[in-house]
């Protein structure tokens, strides 16, 4: 199903703000230009200090944006990096949003993994001289990558950036894509680049957004460079992503997830309709907002979605960590609404509930009688027999519920048992299952 964020426009800021991915390190901690200037003398000439306002850089200066990217990758990610003049210069906070969204998709288990191991392997279509996605994915999560491109300069500098970082260089392969001679000189995207026996967990792409180079230069507020090959293709991003869709229809389940970034929200509707036409099983969308830049993410899969596991009444699980997904949340509800509802769910049964809006968590302490009320079970005594006998207040069940935003319209609810050796620990999965049933009934379509 397609998951969409409410289309209302939001206020923008010059620095990364709360609209960034919550696990993007720049979400609540935008780059400190003054601190970076003091630590990296090469960056200092690009920083302007004026009165009591925050230090700033000239975003229309390509050299300034390139140097900022270099020092952020070095300072925050331990990566050595450089690109020659004119090559597309990525912004680290924005690219981090995409990487974290990929991680959300993989972690959600919406689509089961079929690769038979815990090692994640990705494919970056058009990695560019900057090679930003493989470098971030390898350094943040230890993912392995194949990065493809067509120009000699891009391939040379992507390889240089990989080899400049020996701690991740074994995880990244740079591969040449070919151009199919034709009237439009079509570039191979996945077919002909992916080897016959290869499988991947995902592919990602920052496609050429524009149909002409003149269109690419219409934003006077920034200067991120970019060659013709990086910025332009016949038909723009819609045509390029359509080629990814066509290749995916052939490769199908050899990728767990196919994804691409988009620069124009208007293209989502047509591309999603194309996806259903080729028989995908799942479509997901999101919005990336970082500073003054908005981008959209599109993901799809041909893998049958995982079958939901139903918690059986018996035998009772004694797992201390449990979770479930709320998908297809009604538009009028937010994560804060779900958090308040979790608190009220337990309070209504007489349990002690303490909500922390900063950590999006609720701490709960429930007695055996309150657990009985929560689960509405007549056979709690049979559940108790799996543990020790119940004798007093020290036998209370203590646990924490956390609410995480996974992507627009999707929340992850986690529960963690605080005292694993409690005689009531065997009831935790039953109580958590009751919460899951209640939350899905209230918030999901």
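FYI, it's all coordinate maths here, none of it is from the lab. Computed from a predicted structure; not experimentally measured. Glycine gets a Cβ as well: all are built from the backbone with ideal geometry, and neighbour counts include every protein chain shown.
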Inter-part gap, Cα centre of the range 248-273 to Cα centre of the range 25-100, in whole angstrom, is 31 Å
Label-point separation (nm) for residue 239 and residue 38, each offset 7 Å from Cα along Cα-to-Cβ? 5.2 nm
Tell me, in nm to one decimal, what length is gained between residue 199 and residue 419 on full extension, where the rule is 0.36 nm per residue of separation less the Cα-Cα distance? 75.0 nm
Taking neighbour Cβ counts within 10 Å as the exposure measure, how do 363, 61 sort from fewest upward? 61, 363
Quickly work out the residue 178-to-residue 54 label distance, labels modelled 7 Å from Cα along the C-beta direction, and quote it in nm with one decimal. 4.9 nm
Quick one: order 85, 201 by neighbouring beta-carbon count within 10 Å, fewest to most. 85, 201
If each of residue 270 and residue 23 carries a label point 7 Å out from its Cα toward its Cβ, how far apart are those two points in nm? 3.4 nm
If packing is taken as the average count of other Cβ atoms within 10 Å, what order do 251-258, 160-167, 40-47 fall into, highest mean first? 251-258, 160-167, 40-47
